[in-house]
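The values are calculated or read from the model by the stated rules, or taken from the named source; none is laboratory data. Quick caveat: nothing in here was measured; it's all calculated off a predicted structure. We place every Cβ from the backbone using ideal geometry, glycine too, and count neighbours over all the protein chains shown. Only protein heavy atoms, including side chains, enter the accessible area calculation; ligands, DNA and RNA are left aside. Shrake-Rupley method; radii C 1.70, N 1.55, O 1.52, S 1.80 Å.
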Amino acid sequence: MAILRSLLFYPAFYGFSAILVVASVLAIPFGRNRLRYVVATWGVWHHWCVTNLLGIKIVQEGVIPDEPVLILVKHESFFEAIDMPRLFAFPTVFAKKELFAIPGWGFSAKVYGLIPVARDGGAKSLRAMIATARKRIEERRPLVLFPEGTRVEHGKKPPLQSGFAGIYKLLKLPVVPVAVNSGPLYNRIIKQPGTITYHVGETIPAGLPRDEVEARAHAALNALN
């Protein structure tokens, strides 16, 4: 049954995703709200495919504060990355710079307001990220960061990337860590039915020493491990 579900999921989700990438580019001349609608549709379509074709239930424990915060999300699979436009209203996500080279998708992502992350860009790259992030804060958009930097196997607890501490210090925002356990079900060719849980951790205040904020964020992100 899981094989059949996956065989239905891949052409349905990725086939319509290709259409939405084209639609996103075509929507750009008509304003950001049109682009926002297309991206939101992508997130909703993915959610429908995951729940109805793959048989995965998605639950959220806790509530994200309705105020300017830096949201940290555990990264175990593509699931949570694709789910961000559904989970949050018009989110600004820190994304690997390499992703912006994807034809069509990269251009739309830049116009939408995602923030490119150059891992080896140094201080100049960090300043550019912070300047863009502050503009998004002024727009009252949620900031989302995957602080591990890449997908991590479920059960693994690598240290957070060093860039998180710099972003946290410069933005001076509280941090909301969100654990997710998508890996065992979604991060595989034959995806499995079951339940994926988002667990919203306790808000971490701004202005803490680096060691403390990293320790608290690391523990909260791995709460479902």
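Using the Karplus curve 6.51 cos²θ - 1.76 cosθ + 1.60 with θ = phi - 60°, work out ³J(HN,Hα) for each residue of the range 201-212 in order, rounded to whole Hz, and write x for Gly and Pro.
x, 5, 5, 9, x, 6, x, 7, x, 4, 4, 6
For the range 36-48, just list the computed ³J(HN,Hα) in residue order, Karplus coefficients 6.51, -1.76 and 1.60, θ = phi - 60°, integers in Hz, with x standing in for Gly and Pro.
These are the phi-based 3J(HN,Hα) values: 4, 5, 5, 5, 4, 4, 4, x, 5, 5, 4, 4, 4 Hz.
With labels modelled as points extended 7 Å from the Cα through the Cβ direction, what inter-label distance (nm, one decimal) is found for A18 paired with T41?
Placing both labels 7 Å along Cα→Cβ, they lie 1.7 nm apart.
Suppose every K and R has +1 on its Cβ and every D and E has -1 on its Cβ; what is the size of the dipole of the range 150-214 about the Cα centre, in Debye to the nearest 20?
Dipole magnitude for the range 150-214 comes out near 280 debye.
In nanometres, what is the gap between the two model label sites at T197 and T132, each 7 Å from Cα along Cα-to-Cβ?
3.5
So between R140 and L26, what do we pick up on full extension, going 0.36 nm a residue minus the alpha carbon distance?
38.5 nm
Out of residues 5 or more away from V117 or on other chains, whose amide H comes under 5 Å of its own, with H placed 1.01 Å from N in the peptide plane?
Correct list: A95, K96, K97.
With every protein chain kept in place and ligands, DNA and RNA left out, what is the accessible area per residue of the range 181-225? Probe 1.4 Å, answer in Å².
Per residue, the range 181-225 has 48 Å² of solvent-accessible surface.
Compare S182, S108, S17 in a GNM of the chain, Cα atoms joined below 10 Å, and give the one with the largest fluctuation.
Between S182, S108, S17, it is S17 that shows the largest mean-square fluctuation.
Can you pull out the trypsin sites (Lys or Arg not before Pro) in the range 123-225 that DSSP calls coil and that have at most 13 other Cβ atoms within 10 Å?
R140, K156, K172, R188
Do me a favour and compute the ellipsoid semi-axes for the chain from its Cα gyration tensor, root of five times each eigenvalue, largest one first, whole Å.
With the √(5λ) rule applied to the chain, the semi-axes are 27, 23, 15 Å.
Share of the range 42-170's accessible area from carbon and sulfur, percent, 1.4 Å?
Of all accessible area on the range 42-170, carbon and sulfur atoms account for 57 percent.
Just for the chain, what percent of DSSP beta bridges are antiparallel, to the closest 5?
Close to 20 percent.
Hey, can you find the accessible area per residue of the range 1-133 for me, probe 1.4 Å, expressed in square angstrom?
Each residue of the range 1-133 exposes 52 Å² on average to a 1.4 Å probe.
Towards the positive end of the charge dipole of the chain, with charges on Cβ (+1 Lys, Arg; -1 Asp, Glu), say which of M84, V200, L35 has the farthest Cα.
Selected residue: L35.
At q = 0.14 Å⁻¹, what log₁₀ I(q)/I(0) does a Debye calculation on the Cα points of the range 66-177 give, no solvent, two decimals?
-0.54
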